[in-house]
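A quick write-up on the structure given underneath.
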Protein chains: 2
Amino acid sequence: MSEPVVIGVDVGATKILVGAVTRDGKILASRRSLIDGRSKTTTVQSIEDAITEFMNAWNRPRPLAMGIGLVGQIDPPAGLWLEAMNLPIKQPVPLGQQLSDRFGIPIALDNDVHAAALAEMRWGMGTESADFIYLNVGTGISAGLVLDGRLVRGTQNYAGELGHMVVQPHGPLCPCGRRGCVEPIASGGGMLARVEEQLIHFPDSALHRQEKALTTQSIFSAADSGDTLAVRISSDAIQALSIALVNLVNLLNPEWIIYGGGTLSDGWLIERVRANVETQPLLMTRQSLKGILPSRLKPEQVGLLGAACLAWNLGELE
Amino acid sequence: MSEPVVIGVDVGATKILVGAVTRDGKILASRRSLIDGRSKTTTVQSIEDAITEFMNAWNRPRPLAMGIGLVGQIDPPAGLWLEAMNLPIKQPVPLGQQLSDRFGIPIALDNDVHAAALAEMRWGMGTESADFIYLNVGTGISAGLVLDGRLVRGTQNYAGELGHMVVQPHGPLCPCGRRGCVEPIASGGGMLARVEEQLIHFPDSALHRQEKALTTQSIFSAADSGDTLAVRISSDAIQALSIALVNLVNLLNPEWIIYGGGTLSDGWLIERVRANVETQPLLMTRQSLKGILPSRLKPEQVGLLGAACLAWNLGELE
């Protein structure tokens, strides 16, 4: 009953998951809330409220620290949430200070992809390998780069933007301003947007006749039936993601690629990409790559575990 | 006179430079020889002879250690020269053991690009920054990735193969088997090969009328005069290298890009690439990038300094 815990707070674009996590990555309790994203104030208030409600219900030992994994750009040493695309955070928010004043325990912040990569280091592939890429393909595409046993952060913690690797210089315009970034071609969000754009030109496409909202799974399944639009969109995605990953293998010489994210969860896309990534890199980097595996951390837990990991790492640094 | 020194041995595809280097990067003496690259045996013998001749002439304090920077693939902990494209090394050579038996001092091996990046860390930009890319564009293209103050080696020391990043999926076939790698489009060797291939289709090109052997400088100068072939080759190079570097900036969030190599030495190509690399990355990674600078290490010395650096690093590890 007195096993030490930290609090993890996984803040996505629409919801918050708060939980208590032990040192060996067991989630003892957790609670999900929605974000009121109308303004910066309501967003931050939603996070505070979600934590407060969890803490009020938590009657076991006082947590040692709290880690917050957030969408967007973070300055971890300063405890600042700098910016988020999908939430109204356009100016830096001193979230670390605010939450430590409010809850009286040490707070660590980082972005959700770095946090997930840290969880993968502590409780997943990192227990076996010092050099792996944690690939996430969902609404967007990003990568946690773990090299020599350390998460690559770059000079200001922005490393990992694999989604904005150009793989098709004459490809579609990306919101970032360049043409042919891998994200709008091969992410779930990108594929769905491309289908929406192009559907009008394919009156016979099976993708018109979806009972529920369109998903990448329905695109893949239509492609299997030979639907022209679905074949085009999914082939482009396979090619784009293959190029990006082979580039990454040649550049960084990882031992493993570990993947997560909704777009890869049914295996359709990653299995087709795998054939290329296992055969196309340079001989030496190809021979070093032991495999491409799904994360052993549960997809619905990795965000919370990542956030908790920030807190555990903080404890060990001090 | 008794300042401690190490020996650096810079082994290129055609020549060897041996020198004595102090802890602060001063070259006290050096000597250049040719490689007899007819076979593995003559190649290794050339290296031994070059070192022996230097050592025989060296009448000052006994060197503490020796570092060898080599073209090709190296296993530094095992002291193995695994493979080289431009020399007849196709099976691993236990060069570390052979040279330490022969000369009786500790030996460190690494590839030339890693060695140069280590020299840049010790005596160049590394004195100011922990996150930079050391870009080399000459016969080929490669990158030393210095992140969080450490050289990224990857799981088997092959990290840095920027030359085999695909930037143009329908581009020319690369010897590595993929299409549109940046190296055959934007390296000096690649540009010269493309001119040779295409010259027959451009009977009026000024590149037919070169007095000496064709160089990238003559391509750039012909491009300035509006020569159609030269404009095409150099524009492709600008676009390809720009895409590769912007991809790298987005992925790794470096603070600086430091460059070396003959193809960039006159500034023509890198100045045109710079405009893109300073404007096209994501806002956050763009703002973190402080600049793109030539290495402060002299181009003709960086290989030797890199090799010496391997020896100094060895000394400090032990």
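Take A:Thr228, move 7 Å from Cα toward the beta carbon, and the resulting point lies 3.7 nm from the same point in each other copy, nearest first. The alpha-carbon of A:Lys290 sits under 13 angstrom from the alpha-carbons of these aspartates and glutamates, leaving out residues fewer than 8 places away in its chain: A:Glu128, A:Asp131, A:Glu255, A:Glu278.
What whole-number volume per residue, in cubic angstrom, does the convex hull of the C-alpha atoms of the range B:233-291 give? Mind dumping the intermediate values first?
On the way: hull volume 4.3 nm³, N = 59.
Dividing the Cα hull volume of the range B:233-291 by its residue count gives 73 Å³.
Rg over Rh for the range B:1-72 works out to 0.99, both radii taken from alpha-carbon positions and Rh defined as the Kirkwood radius. A helix-only calculation puts the protein assembly as shown at -12000 deg cm²/dmol for mean residue ellipticity at 222 nm, using -39500 (n - 2.57) for each DSSP H run of at least four residues, averaged over all residues.
Each pair of Cα atoms in the range A:145-246 enters the Kirkwood radius, and Stokes-Einstein at 37 °C and 0.692 mPa s then converts it into a translational diffusion coefficient of 221 µm²/s.
Among residues other than B:Val9 whose Cβ falls under 14 Å from its Cβ, what is the net charge (Lys/Arg +1, Asp/Glu -1)? Before the final figure, lay out each step's value.
Numbers: positive: B:Lys15, B:Arg31, B:Arg32, B:Arg102; negative: B:Asp10, B:Glu48, B:Asp49, B:Glu53, B:Asp110, B:Asp112.
It works out to a net charge of -2.
Where Rh denotes the Kirkwood radius from the mean inverse Cα pair distance, what is Rg over Rh for chain A? Don't skip to the end; give the middle numbers.
On the way: Rg = 20.2 Å, Rh = 20.5 Å.
Reported Rg/Rh (Cα atoms, Kirkwood Rh): 0.99.
Seen from A:Cys174, the other residues with C-beta closer than 15 Å to its C-beta sum to a net charge of 0, counting Lys and Arg as +1 and Asp and Glu as -1.
Against chain B, whose longest principal axis is taken from its Cα atoms, helix B:188-198 shows a tilt of about 40°.
Looking at chain A, what % of its DSSP beta bridges pair antiparallel, to the nearest 5? Present the calculation step by step, with values, prior to reporting the outcome.
Working: 28 of 47 bridges.
Beta bridges within chain A, antiparallel portion: roughly 60 percent.
In terms of overall dimensions, the C-alpha atoms belonging to the protein assembly as shown reach 80, 62, 40 Å along their principal axes, ordered largest to smallest.
Placing a label point 7 Å from Cα along the Cα-to-Cβ axis, A:Glu196 is separated from the same position in the other copies by 5.2 nm, shortest listed first.
Across the copies of the chain, A:Asp36 has label points (7 Å from Cα along Cα→Cβ) spaced 8.5 nm apart, shortest distance listed first.
A loss of 30 Å² or more of accessible area (1.4 Å probe, protein heavy atoms, ligands and nucleic acids excluded) relative to the isolated chain is seen in these residues of the range B:153-167: B:Gly154, B:Thr155, B:Tyr158, B:Glu161, B:His164, B:Met165, B:Val166.
If you take every DSSP beta bridge fully contained in the range A:1-89, what fraction is antiparallel? Give it as a percent rounded to 5. Display every interim value, and only then the final one.
Numbers: 17 of 22 bridges.
Rounded to the nearest five, the antiparallel share is 75 percent.
Net charge within 13 Å of A:Val277 by Cβ-Cβ distance, Lys/Arg positive one each and Asp/Glu negative one each, not counting A:Val277 itself? The answer is +3.
Taking the C-alpha atoms only, the angle from helix B:302-317 to the longest principal axis of chain B is near 50 degrees.
Note on chain B: with neighbouring protein chains present and a 1.4 Å probe, carbon and sulfur make up 51 percent of its accessible heavy-atom surface.
Output the peptides B:147-153, A:26-32 sorted from most to least packed, where packing is the average of other Cβ atoms within 10 Å over each peptide's residues. The partial results should precede the final answer.
Details: B:147-153: 19.0, A:26-32: 14.4.
By packing density, highest mean first, the sequence is B:147-153, A:26-32.
As an exercise, find the ratio Rg/Rh for the range A:91-190 from alpha-carbon atoms, using the Kirkwood inverse-distance average for Rh. Walk me through the intermediate numbers first.
Numbers: Rg = 16.4 Å, Rh = 15.4 Å.
Ratio value, two decimals: 1.06.
For the range B:161-220, pairs of C-alpha atoms spaced more than 18 angstrom apart make up 39 percent of the total.
Cα gyration tensor of the range B:1-139, axes a ≥ b ≥ c as square roots of the eigenvalues: rounded (a/c below 1.5), prolate (a/b > b/c) or oblate?
On the way: a/c = 1.68, a/b = 1.09, b/c = 1.54.
Taking the square roots of the gyration eigenvalues as a ≥ b ≥ c, the range B:1-139 is oblate.
Helix A:228-252 and the long axis of chain A differ in direction by around 60°, with both axes built from C-alpha atoms. A Cα-only calculation for the range A:170-318 places Rg and Dmax at 17.9, 62 Å.
When only alpha carbons are used to place a centre, the range B:216-287 and the range A:27-45 end up 45 Å from one another.
Any chance you could list the semi-axes, whole Å, largest first, of the equivalent ellipsoid that the Cα gyration tensor gives for the range A:68-118, using √(5λ)? It would help to have the intermediate numbers written out before the result.
On the way: eigenvalues 59, 39, 13 Å².
Equivalent ellipsoid of the range A:68-118: 17, 14, 8 Å, largest first.
Heavy atoms of the protein chains alone define the surface here; on that basis the protein assembly as shown has 41 Å² accessible area per residue at 1.4 Å probe size.
The values are calculated or read from the model by the stated rules, or taken from the named source; none is laboratory data. Since this is a predicted model, take the numbers as computed values, not measurements. Heads up, the Cβs are rebuilt from the backbone with ideal geometry, glycines too, and the neighbour counts pull from every protein chain shown. Only protein heavy atoms, including side chains, enter the accessible area calculation; ligands, DNA and RNA are left aside. Shrake-Rupley method; radii C 1.70, N 1.55, O 1.52, S 1.80 Å.
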